[in-house]
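*Asks:* First the structure, then my questions, so here it is.
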Amino acid sequence: MSLSDTGTPTALLVGIPLAEIPPPKVYYSDDSVTLYHGDCRAVLSDMADGSVSCVITDPPYSDRTHKNARSNSGKASKGNRILTGVNAFASIDLDALGAVMAECGRVTSRWVVATMDYHHVFTYEDAPPEGLRLLRIGVWTKSNPMPQISGDRPGQGWEAIAFLHRTDERPAWNGNGRPGVWHGATVPDGDHPTAKPLAMVADWVRLFTDPGDTVLDPFAGSGTTLRAAKDRRSQGHRRRTGRALL
Ligand SMILES: C[S@@+](CC[C@H](N)C(=O)[O-])C[C@H]1O[C@@H](n2cnc3c(N)ncnc32)[C@H](O)[C@@H]1O
């Protein structure tokens, strides 16, 4: 398997030796932002331990969630396929996610904050990625949730947020005793089918980092985290899926 240009979302190159992943390219760089185009694992493997202050990210969800996903925010067109929402890019399984999250735990000096499939997050209570511990599961409740089409059960209406921290450091944040709960609308399809609300991500930047810190987003997508971290230094990784850079 390789990064394809067929209009079909590529799998996350699970099981592909790192040496065979095409080398990432720096697409943009200035004093405060670096954006790579390429598989995040190739960039992460070259990064030193503790070289960023915080990871704020949003990996793909499980295959189960991708298959069941319905979007109320429009369509993403890729090649001759019409893909909606989360199905515009490949899902990730627990093993592949664990490997990337363990790398995130190695390169951060403190927190890894990640919007994640709740099926994945709950497994981290008993079996967190290597080097990390799960300190809290937060929620984003949606003000415009997708209705339950079948009408036979409550709709989902929320997403899980994993607050993970390096095991060898004491946690601290700028939020004192406030709860890990955010409320807001989903972002309409534009540059990306699953962009996260800028205000929520900007809140995380303020709460989990300080001026001068570096924020990393290995699954940068449309770059919401990089925009949210405009008062910090930041690095993001974006991968080609099908014909689009998503
Ligand atoms: C949930 S989306 C992130 C959306 C982003 N938070 C935003 O606001 O635009 C996950 C992204 O990870 C990308 N992705 C998947 N595997 C990747 C990899 N190995 N390296 C870099 N990006 C990857 C997908 O193409 C998708 O754009």
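Every number here is computed from the coordinates shown, using simple stated rules; none is lab data. All figures in this text were calculated on a predicted structure; none of them were measured in a lab. Using ideal geometry, Cβ is built from the backbone for each residue, glycine included, and neighbour counts are taken over all protein chains shown.
*Asks:* Run the quick spin-label model on Arg178 and Ala102: label points 7 Å from Cα toward the beta carbon, then report their separation in nm to one decimal.
*Replies:* 3.5 nm
*Asks:* Would you calculate the separation in nanometres between label points at Asp210 and Lys67, each defined as 7 Å from the Cα along the Cα-to-beta-carbon direction?
*Replies:* If labels sit at Asp210 and Lys67, their model points lie 4.8 nm apart.
*Asks:* Same structure again: If you build the Cα gyration tensor of region 99-229 and take the root of 5 times each eigenvalue, what three semi-axes come out, in whole angstrom, biggest first?
*Replies:* So the equivalent ellipsoid measures 25, 18, 14 Å along its semi-axes.
*Asks:* Calculate the radius of gyration of the Cα atoms of region 128-170 to one decimal place, then report Dmax, the largest Cα-Cα distance, as a whole number, both in Å.
*Replies:* 15.6, 47
*Asks:* Each residue of region 46-55 in turn: what ³J(HN,Hα) in whole Hz from Karplus with 6.51, -1.76, 1.60 and θ = phi - 60°, glycine and Pro shown as x?
*Replies:* Working through the residues one at a time gives 8, 8, 6, 4, x, 7, 10, 7, 7, 9 Hz.
*Asks:* Measure off 7 Å from each Cα along the Cα-to-Cβ vector at Lys230 and Ala185, then give the distance between these two points in nanometres to one decimal.
*Replies:* A separation of 2.0 nm, rounded to one decimal place.
*Asks:* What ranking, highest mean first, results for peptides 145-158, 21-34, 46-59, 125-138 when packing means the other Cβ atoms within 10 Å averaged over each residue?
*Replies:* Put in order of decreasing packing, that is 46-59, 125-138, 21-34, 145-158.
*Asks:* Hey, another quick one. Taking region 92-137, how much of its Cα-Cα pair set, in percent, is spaced more than 13 angstrom apart?
*Replies:* When all Cα pairs of region 92-137 are counted, 50 percent exceed 13 Å.
*Asks:* Using Cα positions and a limit of under 15 Å, work out the aspartates and glutamates in reach of Lys196, with same-chain residues fewer than 8 apart set aside.
*Replies:* Leaving aside aspartates and glutamates fewer than 8 places away in the same chain, those within reach of Lys196 are Asp58, Asp117, Glu159, Asp217.
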